[in-house]
Structure formats: structure tokens, C-alpha cells
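The values are calculated or read from the model by the stated rules, or taken from the named source; none is laboratory data. Predicted, not measured: the structure shown is a model, and the values here were computed from it. Glycine also receives a Cβ, built like all others from the backbone with ideal geometry; neighbour counts cover every protein chain displayed. Only protein heavy atoms, including side chains, enter the accessible area calculation; ligands, DNA and RNA are left aside. Shrake-Rupley method; radii C 1.70, N 1.55, O 1.52, S 1.80 Å.
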Amino acid sequence: RFGTEERARIYLTNALEPWVRQLPMIGFAALAHEAVAVNEIKRHKRFTVVIGNPPYQGLSANMSEEAGRIIEPYKYINGVHFGERKHWLHDDYVKFFRLAETRVTASGVGVLGLITNHALYDNPTFNGMRWNLLKSFEHIRLLDLHGSPMRREKSPDGTDDKNVFDILQGVAISLLSKPPSKAERTVTYSELW
């Protein structure tokens, strides 16, 4: 409407934490307002765009029952359990990926873009995750920025590959989209050393 201001619909929150009844925050009116707004969004809205750079932590701080339950589909490929007892699916970025996947697919249309650990592209632990993402999105664009000193990666010219963020895990950018109407599935994989 003309003459009214609408706020940008961007909310800072730990998306893995469920909706909670917000108690008053004495002396922190702005934070209380933000908390109330994001709780209403978590309860009532659907998402068409999810972007982020979730933490890469094998030892997750988000170990609630719900956070553990959310990754359960990533343990299966076409209904068959992947059979691994020890795996890296409890890493925070995997939980955020799954949460974003469920939000966008619930909307029926949307875009998901995350910067994460690049292990999800080739580690066998993530076979179920990759299978589920292929079923959920029509267009998948993957960019492996490499840069993992733990893997001792070398650029194609033989030089050491440097990480863009000066961290130990290699980095990946994943962009997945679900158009309003069915489209031919495309997967694009690129590398940048």
C-alpha cells in the first residue's frame, strides 16, 4: 500500500530451533520484536527462497530430538537404509540443508542456496542426501571450490589449492531450484581451484 513501510522479510534466527512462545524481554524491545516476528514466520509462513552459510560442525550444537529426526530421510535411498553406523549426517550444515529442502518443497516452488562443506558432493555418507535432493529439485547447480588441506588437494597445475575462507574443510556452493511447473531435471557440476 502507498504510504506504509513494509520491513524486509529477512529474519536472523537459528532455523533449527522450533517455534516457542516468546516471553517479554525487559530492556530489549527490538530483540523481543524480532523474536516475536520470527516465531510467527516459523509457525505460519512458507518459504520460497532460503539462502545461507550454515556452520560446518561434525560435533553439532543442535542435537535436539527434532534436529536428529529431520535428517532421518538422508539415511535412505529409495526406501533402503544406507547401513552406516558412523556417519557425518549430524553435521549442522546437513540439518540446515534438510530443513531448507523441506521448507522449499512445502511451498511447491523456490530456490535454495547454501555455502557448505564440499564433502557432500563425494562422501559416501551423503548418498542418501544426494538422492533425496535429486528427487526434491528439478535444477541443481553445484560449484566445488575445493581448498581442503585435510584432503591435500592440488590444483590441476599441481600447486597447492587454497581455501577461500581459510578453514580446513573444502567449500561448496549449491544452488537448487524448484520451478512452478515440472521441468526436465538438470544437474550441473563445476569446479574452481
Those trypsin sites (Lys or Arg not before Pro) from the range 60-152 that are DSSP loop and have at most 14 other Cβ neighbours within 10 Å turn out to be Arg85, Lys86, Arg152
Expected field for Tyr121, accessible surface area in Å² at 1.4 Å probe radius, rounded to 10, holds 30 Å²
On the accessible surface of the range 42-180, probed at 1.4 Å with all protein chains in place, carbon and sulfur together account for a percent value of 55 percent
Accessible-area order for Trp131, Trp193, Trp88, largest to smallest, probe 1.4 angstrom, reads Trp88, Trp193, Trp131
As straight-line cross-link partners of Lys154, the qualifying lysines (C-alpha separation under 30 Å, not fewer than 8 residues apart within one chain) are Lys86, Lys95, Lys162
Here, the range 99-193 modelled as identical Cα point scatterers in vacuum has Debye log10 I(q)/I(0) at q = 0.13, 0.15, 0.21 Å⁻¹ of -0.49, -0.63, -1.02
Mean projected area, convex hull of alpha-carbon positions in the range 90-150, reported to one decimal in nm², is 4.5 nm²
Going residue by residue through the range 185-193, the Karplus relation 6.51 cos²θ - 1.76 cosθ + 1.60 with θ = phi - 60° gives ³J(HN,Hα) values, rounded to whole Hz and with x marking Gly or Pro, of 5, 10, 10, 10, 10, 9, 10, 9, 9
Among GluC sites (Glu not before Pro) in the range 99-193, those in a DSSP loop whose Cβ has at most 14 other Cβ atoms within 10 Å are Glu184
Of the range 136-153, those with amide N under 16 Å from the point 7 Å along the Cα→Cβ vector of Leu192 are 141-148
In whole Hz, the Karplus estimates of ³J(HN,Hα) for the range 136-146 (6.51, -1.76, 1.60; θ = phi - 60°; x where Gly or Pro) are 8, 10, 7, 10, 10, 10, 10, 10, 8, 8, 6
